[in-house]
1. Testing GLY358 on (1) assigned to a helix (DSSP H, G or I); (2) out of contact with any Phe, Trp or Tyr (no Cβ under 7 Å at 6 or more places or on another chain), one condition comes back false. Which one is that?
2. Within the set of pairs 6 or more residues apart or between chains, which connect a residue that is over 17 Å from SER153 (Cβ atoms) inside the stretch 321-335 to a residue that is part of a helix (DSSP H, G or I) with Cβ atoms less than 6 Å apart?
3. Starting from the stretch 104-132, take each residue that is farther than 16 Å from GLY375 by Cβ and list its partners that are in a loop (DSSP other than H, G, I, E, B) and hydroxyl-bearing (Ser, Thr, Tyr), counting only C-beta distances under 8 angstrom and pairs at least six apart or across chains.
4. With respect to ILE89, is the statement that it is touching a helix residue (DSSP H, G or I) at 6+ places or on another chain (Cβ under 6 Å) and either farther than 16 Å from VAL396 by Cβ or modelled with pLDDT of 90 or more (or both) true?
5. Condition first: of a type in the set (Val, Ile, Thr), closer than 21 Å to SER53 by Cα and crowded, with 16+ Cβ neighbours inside 10 Å. Now tell me which residues in the stretch 281-310 satisfy that.
6. Anything in the stretch 66-109 that is hydrophobic (A, V, I, L, M, F, W, C) and not in a helix (DSSP H, G or I)? List them, or say none.
7. Considering each of GLY50, GLY87, GLY66, GLY91 in turn, give the residue that is over 30 Å from ILE187 (Cβ atoms) and out of contact with any Cys (no Cβ under 8 Å at 6 or more places or on another chain).
8. Among the residues of the stretch 75-114, write down those that are more than 21 Å from ALA58 (Cβ to Cβ) and hydroxyl-bearing (Ser, Thr, Tyr).
Amino acid sequence: MTLLVFIGSLLGLMAVGLPVAFALIGCGLAMMFYMGVTDPQIVIQNMWDGANSFPLLAVPFFMLAGEFMNAGGMTRRIIVMAMSWVGHIKGGLGYVAVMAAVIMASLSGSAVADTAALASVLVPLMRNAGYDVNRSCGLIACGGIIAPVIPPSIGMILYGVTGGVSITKLFIAGIVPGVLMGLAIMIAWRWSIQRDPVKAEPRRSMAERRKATRDALWAMVLPIVIVGGLKMGWFTPTEAAVIAAVYSLVVGLFVYREIQLNQLFKLVLRAAETTAVIMFLVSAAGVSAWLITTANIPQQLAELVEPIMGNKMLLTFVLMMLVLVVGTALDFTPTVLILTPVLMPVLKQAGIDPVYFGVLFIMNNAIGLVTPPVGTVLNVVCGIARIPMSGAIRGVLPFMFAQTVVLMLLVVFPQIVMWPLQWMTR
């Protein structure tokens, strides 16, 4: 019955239009009333505890780093570099989009920011070159959702903090799955454009390629520094976020010289506004997470899946299907914050590695960013390209299917996810 109160109150409050953060608090209050708990200090205390975490300091700094990268010209230089190397191939702009998305994912970790930057540059180019706009937008959207999987990932930080999982291990384990997501949509793109009469970009000379690569080199160094520093134990993920923000600011101010001092307040304010939304969600989720534990909801869920508890692969598949369905109705951050405290005890009871599951969980939630009706990233692309959602949905389907196949492949072969961790611990 407690599980029904939790689900019913949460969905009911969201159905009447209440923002997710307030719906989480309201859901907590409903559970308190049902359980006979009347102390209002519980709400305030757990909201405070939910956000009072040192690793969560990485969120504002990675947000700030993303703002500095976009304003400082790092994003544009990555796209130019990719275009110089593969733009002349048939469908080259699509490959440029994927290559740039993978590189940018290793810099910011924000799917919305990366997608907006890619779409604003590449959609006009692809439209002028004769590419199908709906398909192009679908590709860019699926490229953008690689950002939460490849480190640094804000989603993994939230999962790690909420579930008590090593964020460093999550970062390292996300590298190969993120690259596989990019390769999968490249293959789908190659298959889908075979008969399209598109114009290729002119082949660039080797001198032009070297110049474009040199210009983008400052951006390319950052992910190497972050991953290498985490492997060597030089800094924590939170400290890596500070390094990323300072590095991108210095490069934007003094190397590329595209950030002006009078822009800093606006950039910091924009990062602060986004961070405030995320942190309020984290605080609100702290209330429901405490009550989920108190009401023993994870144990109720474990009893429901008890017949398949002994089969890790089947249980993982069932949980992935659950997350996939939830992801069509909820945005990325609320899904992570709501489901992590529910699923974590079930994973431990079944003996599933929480790092392995976390990577799949974040991938699944990332795919939810392009699934209707919510589809936040898909909405961003539609707004920039000025196309109807129906067209973007048709365009995104082959690429979303390709990334879902990768997700299912990782369910069957968990060693693909876990192998990089062996490298990290050497």
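The values are calculated or read from the model by the stated rules, or taken from the named source; none is laboratory data. Note that this is a predicted model, so its numbers are computed, not measured. All Cβ positions, even for glycine, are placed from backbone atoms using ideal geometry, and neighbour counts span all protein chains on display.
1. (2)
2. Matching pairs, first to second residue: LEU324/ASN364; VAL326/THR335.
3. The qualifying pairs are GLY109/SER153.
4. For ILE89, the condition - touching a helix residue (DSSP H, G or I) at 6+ places or on another chain (Cβ under 6 Å) and either farther than 16 Å from VAL396 by Cβ or modelled with pLDDT of 90 or more (or both) - is not met.
5. Residues satisfying the conditions are VAL282, VAL287, ILE292.
6. ILE89, LEU107
7. Criteria check complete, one pass: GLY50.
8. Hits for the stretch 75-114 are SER84, TYR95.
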